[in-house]
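A.B. asks: Let me give you the structure first, and then I'll get to my questions.
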Amino acid sequence: MMDEKGQIAVDFLLGISLFLIALTFTVQFIPGMFMSGSAGESSLDYTAYRTATILAEDTGWWVNNTGSGSGTDWEAHTSDIKRIGLAVDDEPRSKLTNSPNILSKTKIEQFMLIDEDGIIEKLGLYNNVDGTLFAYGYNISIVSIENNGIPFVINGNATVRGSTAPDDQEIAKITRVVLVETGHAAVLNANELTDTINIKGPYEENVTIQIRNLNGTNPSFLNATLENVTLTQHSDFTITRKTGWTSSEVNGSIHINDIICLDFDHGLFNSSNTYRLDLSFSNVTLDPGPPFVSYNKRSTPLYEPAYMIVEVW
Amino acid sequence: MDNKAQLHTLEGLAAAVLMTLTVLAITQSTMIVTPQNSLAVNVQLEQMSSDALGVLDMAPISLVQYNLTECVAGWNKTEATYPTIKHEKLDDALWHLLPGLLYNVDFAYIENGNLTVEKVIINGAPGDNSVVSRRYVTLTNQTVHMMDGGWSLQDDELKVVEVRMTAWKV
């Protein structure tokens, strides 16, 4: 008897099985087809990680054409750069650095000036497909932790390289905690501080003096004079106290355990003279000198905590 | 005339297209968390926490009042209890370097021939994807004395302390 109900035909069963097998096969063997975050894209993670590590932990390296000169101070030999790295190094002849994650100001300055092709080539920000190079998009920025992620400004340039990350693409991102050299400061103990400090100009960045271990009962800050002219707080200089990691403004009285930070505007020291800076405190006895403390001899680089963010797409 | 319920070629094609479109729509609209992605998140967390300890250890005098060694030296040897007692100086520094992360810190050191592990900062129970980073510091009696800490060391004694930080994201 002929059955006219809607049953599944063997033909259909065979067809749909074949189709499903073919589909499964395709999905299994071409992973990039249906999955985001596939093998091709995850190499972005490695690129971002590698770039961030090289920049934060390596000092860089240069070698000239004849091979007779080399060193880590690539920022002074920009035409012979072999590798770009931002970590500080006080011995440019040796390849070793003992200061990973501490970034040099001059290296960052040069990093902002290198041409686009140079960055992509030296940091390996490209994919090599059968001998053809495809450059990745990238964004490398160094931002302040204390200032809510605002980039630093070094020599008039914001510390950002590359273009803005697109919204509609998968991005690999790595953040590193680093210290960035932003200027210089003299750290002085109260017992070695003299009433007068000699500062030899010119300076392009602010002059910072940190005073530790002030003694006396109820000490307070009176004023600062430069070449016998009294300076104005806020416009010529700022004075802050630092307890642990928090800074607050000083209005007169000082706590003994505080670190006092005096930050003088660099405009005050713009010619190559030796300036005489007098600090005056009440209830604090300082060595009247001479000899006076020399700022230039005592100044060391000043660092700020920062995030270095590398994004690649 | 064929009366059986067979599938015609065009209907088959339409069904195939529909199925493919559905699969495509689902896979494209949701972000599939592949093992690589969760690995990347862990790598990031591990990197940041070990960076924070490293930076704190190497921080020059002009930046911080107390570096990692000084923080450890200044510990009063009171074990932390949640949420009242913790190592304030170390917590202040880590909180500044790692906003948005939670962490517990332990100190591990050898005392009288035994490994002692003491909790110094407790911020809660670590989550599933926690990472641990470590940094070693060496204490001398001079540093302990300067920081007014609770360690009792001989003048010629060196004490190595492992700072163990468990960090996680909430």
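A.B. asks: Please determine whether any residue of segment A:53-71 is in contact with a Phe, Trp or Tyr (Cβ under 9 Å, 6 or more places away or on another chain), surrounded by 14 or more Cβ atoms within 10 Å (Cβ to Cβ), touching a residue at least 60 places away in the same chain (Cβ under 8 Å) and among the polar types (S, T, N, Q). Before you say what the answer is, go through the steps one by one.
C.D. replies: Just the residues of segment A:53-71 that are in contact with a Phe, Trp or Tyr (Cβ under 9 Å, 6 or more places away or on another chain), to begin with: A:55, A:59-62, A:69-71.
Imposing the further condition that a residue be surrounded by 14 or more Cβ atoms within 10 Å (Cβ to Cβ) reduces the set to A:55, A:59-62, A:70-71.
Add one more test, that the residue is touching a residue at least 60 places away in the same chain (Cβ under 8 Å), and what stays is A:55.
Going one step further and asking which of them are among the polar types (S, T, N, Q), we end up with none.
Among the residues of segment A:53-71, not one is in contact with a Phe, Trp or Tyr (Cβ under 9 Å, 6 or more places away or on another chain), surrounded by 14 or more Cβ atoms within 10 Å (Cβ to Cβ), touching a residue at least 60 places away in the same chain (Cβ under 8 Å) and among the polar types (S, T, N, Q), which makes the answer no.
A.B. asks: With (1) surrounded by 18 or more Cβ atoms within 10 Å (Cβ to Cβ); (2) away from chain B (no Cβ under 14 Å); (3) within 18 Å of the chain's Cα centre (by Cα) as the list, and A:H184 as the residue in question, which single condition is left unmet?
C.D. replies: The single condition A:H184 does not satisfy is (2).
A.B. asks: Here's another thing I want to ask about it. How about segment A:272-313: which of its residues are among the β-branched types (V, I, T) and closer than 22 Å to A:N228 by Cα? Please lay out each step first, then the result.
C.D. replies: We begin by selecting, within segment A:272-313, every residue among the β-branched types (V, I, T); these are A:274, A:284-285, A:293, A:300, A:309-310, A:312.
Scanning segment A:272-313 gives A:T274, A:V284, A:T285, A:V293.
A.B. asks: Another question, then. Quick check: is even one residue across segment B:60-82 of a type in the set (D, E, K, R), within 30 Å of A:D89 (Cα to Cα), surrounded by fewer than 17 Cβ atoms within 10 Å (Cβ to Cβ) and modelled with pLDDT of 85 or more? Before you say what the answer is, go through the steps one by one.
C.D. replies: Narrowing segment B:60-82 to residues of a type in the set (D, E, K, R): B:70, B:77, B:79.
If we keep only those that are within 30 Å of A:D89 (Cα to Cα) too, we end up with B:70.
Of the ones still in play, those that are also surrounded by fewer than 17 Cβ atoms within 10 Å (Cβ to Cβ) are none.
No - not one qualifying residue is present in segment B:60-82.
A.B. asks: Evaluate the following for A:S144: is it among the hydroxyl-bearing types (S, T, Y) and under 26 Å from B:D51 (Cα atoms)? Lay out the reasoning, then the answer.
C.D. replies: Values: among the hydroxyl-bearing types (S, T, Y): yes; under 26 Å from B:D51 (Cα atoms): yes.
Yes, satisfied.
A.B. asks: Among the residues of segment A:283-310 satisfying the criterion of being surrounded by 22 or more Cβ atoms within 10 Å (Cβ to Cβ) and not β-branched (V, I, T), which is farthest from the other protein chains (Cβ to nearest Cβ)?
C.D. replies: A:Y295
A.B. asks: Moving on. Take segment B:99-117 and flag every residue that is surrounded by fewer than 20 Cβ atoms within 10 Å (Cβ to Cβ) and within 14 Å of chain A (Cβ to nearest Cβ).
C.D. replies: B:P99, B:G100, B:L101
A.B. asks: So, one more: Among strands (runs of 3 or more DSSP E) lying entirely in segment A:216-310, which contain 2 or more residues that are of a type in the set (D, E, K, R) and in contact (Cβ under 8 Å) with a residue 60 or more places away in the chain? Talk me through it step by step, then tell me what you get.
C.D. replies: Working: elements: A:220-226, A:237-243, A:246-249, A:259-264, A:274-282.
By residue number, A:274-282.
A.B. asks: Which number in (1) under 12 Å from B:K119 (Cα atoms); (2) assigned to a helix (DSSP H, G or I) marks the one condition that B:W75 misses?
C.D. replies: (2)
A.B. asks: Which condition breaks for B:Q142 when tested against (1) touching a residue at least 40 places away in the same chain (Cβ under 8 Å); (2) more than 14 Å from chain A (Cβ to nearest Cβ); (3) over 22 Å from B:V55 (Cα atoms)?
C.D. replies: (1)
A.B. asks: Count, please, the residues in segment B:150-170 that happen to be in contact with an Asp or Glu (Cβ under 9 Å, 6 or more places away or on another chain) and either surrounded by fewer than 12 Cβ atoms within 10 Å (Cβ to Cβ) or not basic (K, R) (or both).
C.D. replies: 6
A.B. asks: Could you please give the count of residues in segment A:146-164 that are over 10 Å from A:E109 (Cα atoms) and among the β-branched types (V, I, T)? Steps first, please.
C.D. replies: At the first step, the residues of segment A:146-164 found to be over 10 Å from A:E109 (Cα atoms) are A:146-152, A:160-164.
So of that shortlist, the ones also among the β-branched types (V, I, T) come out as A:150, A:160, A:164.
Summing the residues that are over 10 Å from A:E109 (Cα atoms) and among the β-branched types (V, I, T) in segment A:146-164 gives 3.
The values are calculated or read from the model by the stated rules, or taken from the named source; none is laboratory data. Worth saying up front: this structure is predicted, and the values here are computed from it rather than measured. Using ideal geometry, Cβ is built from the backbone for each residue, glycine included, and neighbour counts are taken over all protein chains shown.
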